[in-house]
């Protein structure tokens, strides 16, 4: 009897363990980054889900390769799925770009909830206080009390000027936010 199935099983188990370890590190790193930047917990969870799905797909491709599923079979299956999704999501392309922009905003957007910002959109200027930053859009409240929903992909494409900050986050506040977020976790 061949040891090949045992070897494949051990490698698959190693991929599963590596996925679990990588997922745990992902959660810790993104939690720390979110606490350091003062990001709400809901945004941290959304970014964690995005990277968890990405790592799962990588682990799945690795496991399929170990079990001998040929590249042609995987490519045919993947291209079929992508074709169906492409037709279904063609009208929703901006939805995907908003999700991607939401992840980018998580890591690099200088304004936070409560900051007053000005978005320069050609000859139009939108001024408002950020009340929420979610996966698809930035929610602003203008001086008249109206809520404005502005897509994440446009936030990255337009100049955004922070007019006033709610609070300056000092290094001590960032450290205390990190400590409080990880209290009781290991």
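Listed from fewest to most Cβ neighbours within 10 Å, the set 55, 16 follows the order 16, 55. Listed from fewest to most Cβ neighbours within 10 Å, the set 32, 161 follows the order 161, 32.
What distance in nm separates the two pseudo spin-label positions at residue 139 and residue 14, each 7 Å out from Cα along the beta-carbon direction? According to this spin-label approximation, the distance is 4.8 nm.
In this rough spin-label picture, where each label sits 7 Å from Cα along the Cβ direction, the residue 23-residue 6 distance is 2.9 nm. Extension gain, residue 36-residue 113: 0.36 nm per intervening residue step, less the Cα-Cα distance, totals 26.3 nm. Placing a label point 7 Å from the Cα of residue 161 along the Cα-to-Cβ line, the residues of the stretch 109-130 whose backbone N sits under 16 Å from it are 111, 116-129.
Residues of the stretch 16-51 with amide nitrogen under 12 Å from the 7 Å Cα-to-Cβ point of residue 95? The answer is none, because no backbone nitrogen lies closer than 12 Å to the label point.
Any read-out appearing in this document is the output of simple, stated calculations on the displayed coordinates, not a laboratory observation. Model, not experiment: these values are computed from the prediction. Positions of Cβ are generated from backbone atoms using ideal geometry, with glycine treated the same way; all protein chains shown enter the neighbour counts.
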